[in-house]
Amino acid sequence: MNNTNQSSDLRQRHAPIALDGDEFRRLGHQLVDQIAEFLDSLAQRRVTPGEGPATVRAALGAGPVPEQGGDPRALLAEASRLLIEHSLFNGHPRFMGYITSSAAPLGALADLLAAAVNPNCGGWVLAPMASEIEGQTIRWIAEMIGYPAGAGGLLVSGGNMANFVGFLAGRRAKAAWPLRAEGLRDRPQLTVYASKETHTWIQKAADLFGLGTNAIRWIAVDEQRRMHLGALEQQIAADRRAGLQPIMVIGAAGSVAVGAVDPLPQLAQLCQRERLWFHVDGAYGAPAAMLPEAGEDLKGLALADSIALDPHKWLYSPLEAGCALVKDPQALVDTFSFTPDYYHFHEGFDEQPINYFEFGLQNSRGFRALKVWLAIRQVGRAGYTQMIRDDIALARALFELMKAHPDFEAVTNNLSITTFRYVPADRRSGSIADEAYLNELNRAILNELEAGGDMFVSNAIIEEKFLLRACIVNFRTSLADIEAVPEIVARVGRTIDTRLRAEQAKAVRD
């Protein structure tokens, strides 16, 4: 093609990926209708099809990259079918597994709008309104959980990343030398403290950010699975005597296994006395601090130097939506900001803009805040208070049902997490053999439940006991769903117990 023809073609350019307004409208109406039908039918569907990788891969197909494009209408219809027929639905009222909430429908529409405008929320000039909406969202989240006015932060992908932001801010703030320029080489071992219940993000952070996992001090927990304050004090003192440099304590506002809340006010006092950074992993439980009846331990969030929480957990946002908060926003700038010459993001404004590339790990950033901001405006603090309170009440109702049922042992109930296990009457001796059998039995029950589609739970291990774990962060779950759980699990438990006993008897005979 010569330059003349190429120039003519470009004046009338129509890229293969473009859609005009009418076509986009037709496709959008089609897709919204399919999604609405899906949402209306959710409670009547199985939680999961329980398929293995081979089945799902076969449904998708394994052809090469297409040489020519296809019809967008047919492609959207196919994508809808594939996702709806071959997905686990965490929005299902009987999904009580990993801590991913039933997502607000308004959030799905918000993601469509955000993707259509497509602001890059790294620099204010690239995303003026989106940056301001994110800033307001951060302030509102902080206000709802009682974090001090003037706090700052940003939205990230989820709990790991939010915790990483707090970890890195604390590492820089408490290192006794210019860490960003000189690194960690030939320096005292920086040491961090977390309970044995802490999520595995802490191991990733210590590994990825130069401390090494041996720098983590795993502090014992009490009978309520909360960090033991005395053990923490003793470990800090021992590490100082050994020439190490303690820098950070990580408290939990709703541990991942059982929803335990550490004694946050006492941990904050200790950190202030010992000159340590106090970070709270509230990825799951922090939003419950907005309840007027929340305990003092949970309200101790307000004393943290940094907090991680996930709107896609207990603020019912679609994935991805994590949030990192810091008491002093300058701590993030001091940790993350670099301004190369080709960034022209700070000049020519009547007020200082918010440039989120200075606040975290990303430069290019999607508009995560819109779905969270709209949901807060849709339901307000009162709506969140009602939904979180309802989730807690439903988890408590499940605990009471399990406690009253002859086939179960109810073990823990914190926030909206209940743990329990199936225990046949003749296996309650507490002997080593019976405990080993109960672990095998409940592991098999979990596998069957997760594949069966009637309901979905996960597990916790407490004092070497394998437990079933139900976490309710689901505005679609009702008391009727909770009341169905004991019989579903008991039915599966009886079947598997019969099978395991037969297998054991056969092994003895053989």
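Of the residues L106, L60, which single one is touching a helix residue (DSSP H, G or I) at 6+ places or on another chain (Cβ under 9 Å), open to solvent by less than 80 Å² (accessible area, probe 1.4 Å) and over 30 Å from N413 (Cβ atoms)?
Values: L60 fails: open to solvent by less than 80 Å² (accessible area, probe 1.4 Å).
Only one candidate qualifies: L106.
Quick check, is E440 among the acidic types (D, E), out of contact with any Leu (no Cβ under 8 Å at 6 or more places or on another chain), in a helix (DSSP H, G or I) and surrounded by fewer than 16 Cβ atoms within 10 Å (Cβ to Cβ)? Break it down into steps so the answer makes sense when it comes.
Working: among the acidic types (D, E): yes; out of contact with any Leu (no Cβ under 8 Å at 6 or more places or on another chain): no; in a helix (DSSP H, G or I): yes; surrounded by fewer than 16 Cβ atoms within 10 Å (Cβ to Cβ): yes.
No.
Of the numbered conditions (1) closer than 23 Å to S416 by Cα; (2) under 23 Å from the mean Cα position of the chain (by Cα); (3) surrounded by fewer than 24 Cβ atoms within 10 Å (Cβ to Cβ), S255 satisfies every one except a single condition; which is it?
Unmet for S255, out of (1) closer than 23 Å to S416 by Cα; (2) under 23 Å from the mean Cα position of the chain (by Cα); (3) surrounded by fewer than 24 Cβ atoms within 10 Å (Cβ to Cβ): (3).
Just for strands (runs of 3 or more DSSP E) wholly inside region 175-258: which have at least 1 residues that are β-branched (V, I, T) and free of Cβ contacts under 8 Å to residues at least 24 places away in the same chain? Break it down stepwise before answering.
Working: elements: 190-195, 216-219, 245-252.
In region 175-258, no matching strands (runs of 3 or more DSSP E) lie anywhere.
Quick one: would you say E487 is over 19 Å from L401 (Cβ atoms) and not aliphatic (A, V, I, L, M)? Break it down into steps so the answer makes sense when it comes.
Details: over 19 Å from L401 (Cβ atoms): no; not aliphatic (A, V, I, L, M): yes.
Against the criterion (over 19 Å from L401 (Cβ atoms) and not aliphatic (A, V, I, L, M)), E487 does not qualify.
Within region 379-398, take every residue that is of a type in the set (G, A, S) and farther than 18 Å from A104 by Cβ and give me the one that is farthest from the chain's Cα centre (by Cα).
So in region 379-398, the residues of a type in the set (G, A, S) come out as 380, 382-383, 393, 395, 397.
Subsequent filtering for residues that are farther than 18 Å from A104 by Cβ retains 393, 395, 397.
Numbers: A393: 21, A395: 19, A397: 24 Å.
Checking each candidate, the answer is A397.
Step by step: first the residues of region 462-480, then only those that are at pLDDT 95 or above and assigned to a strand (DSSP E or B), then the one that is farthest from the chain's Cα centre (by Cα). Which residue is that? Don't jump to the end; show me each part of the working.
In the first step, residues of region 462-480 are kept if they are at pLDDT 95 or above; the result is 465-480.
Still in the list and also assigned to a strand (DSSP E or B): 465-471.
On the way: K465: 25, F466: 23, L467: 21, L468: 19, R469: 16, A470: 15, C471: 12 Å.
Of everything passing the filter in region 462-480, K465 is farthest from the chain's Cα centre (by Cα).
So which residues in region 266-291 are aliphatic (A, V, I, L, M) and more than 23 Å from the chain's Cα centre (by Cα), if there are any at all? Steps first, answer last, please.
Keep residues of region 266-291 that are aliphatic (A, V, I, L, M), which gives 267-268, 270, 276, 280, 283, 286, 288-291.
Within region 266-291, L267, A268, L270, L276 qualify.
Right, R11: of a type in the set (K, R), free of Cβ contacts under 8 Å to residues at least 60 places away in the same chain and open to solvent by 80 Å² or more (accessible area, probe 1.4 Å) or not? Steps first, please.
Numbers: of a type in the set (K, R): yes; free of Cβ contacts under 8 Å to residues at least 60 places away in the same chain: yes; open to solvent by 80 Å² or more (accessible area, probe 1.4 Å): yes.
Here the answer is yes, as R11 does meet what is asked.
Only residues that are assigned to a helix (DSSP H, G or I), open to solvent by 40 Å² or more (accessible area, probe 1.4 Å) and either under 16 Å from R94 (Cα atoms) or at pLDDT 95 or above (or both): list them for region 388-426, please. Walk me through it before giving the result.
Kept after step one, since they are assigned to a helix (DSSP H, G or I), are these residues of region 388-426: 388-404, 425-426.
Narrowing further to those that are open to solvent by 40 Å² or more (accessible area, probe 1.4 Å): 389-390, 392-393, 396, 400-401, 403-404, 425-426.
Passing the criteria: R389, D390, I392, A393, R396, E400, L401, K403, A404.
Of the numbered conditions (1) buried (at least 21 other Cβ atoms within 10 Å of the Cβ); (2) of a type in the set (V, I, T); (3) over 19 Å from E274 (Cβ atoms), T191 satisfies every one except a single condition; which is it?
T191 satisfies every listed condition except (3).
Tell me the residue from E296, E320 that is under 30 Å from E463 (Cβ atoms) and open to solvent by 20 Å² or more (accessible area, probe 1.4 Å), please. Write out each step before concluding.
Values: E320 fails: under 30 Å from E463 (Cβ atoms).
Unique residue meeting the criteria: E296.
Go through region 258-277 and give me each residue that's open to solvent by less than 30 Å² (accessible area, probe 1.4 Å) and within 13 Å of Y193 (Cβ to Cβ).
D262, L267, L270, C271, L276, W277
Evaluate region 46-54: report whether one residue or more is surrounded by 11 or more Cβ atoms within 10 Å (Cβ to Cβ), in a helix (DSSP H, G or I) and not small (G, A, S). Working first, answer last.
At the first step, the residues of region 46-54 found to be surrounded by 11 or more Cβ atoms within 10 Å (Cβ to Cβ) are 46-51.
Then keep just the ones that are in a helix (DSSP H, G or I); that gives none.
Looking for residues that are surrounded by 11 or more Cβ atoms within 10 Å (Cβ to Cβ), in a helix (DSSP H, G or I) and not small (G, A, S), one finds none in region 46-54, hence no.
The values are calculated or read from the model by the stated rules, or taken from the named source; none is laboratory data. Just so you know, these numbers come straight off a predicted model, no measurement behind them. Every residue, glycine as well, gets a Cβ built from its backbone with ideal geometry; the counts of neighbours run over all protein chains shown. Calculation scope for accessible area: heavy atoms of the full protein, side chains included, ligands and nucleic acids excluded. Shrake-Rupley method; radii C 1.70, N 1.55, O 1.52, S 1.80 Å.
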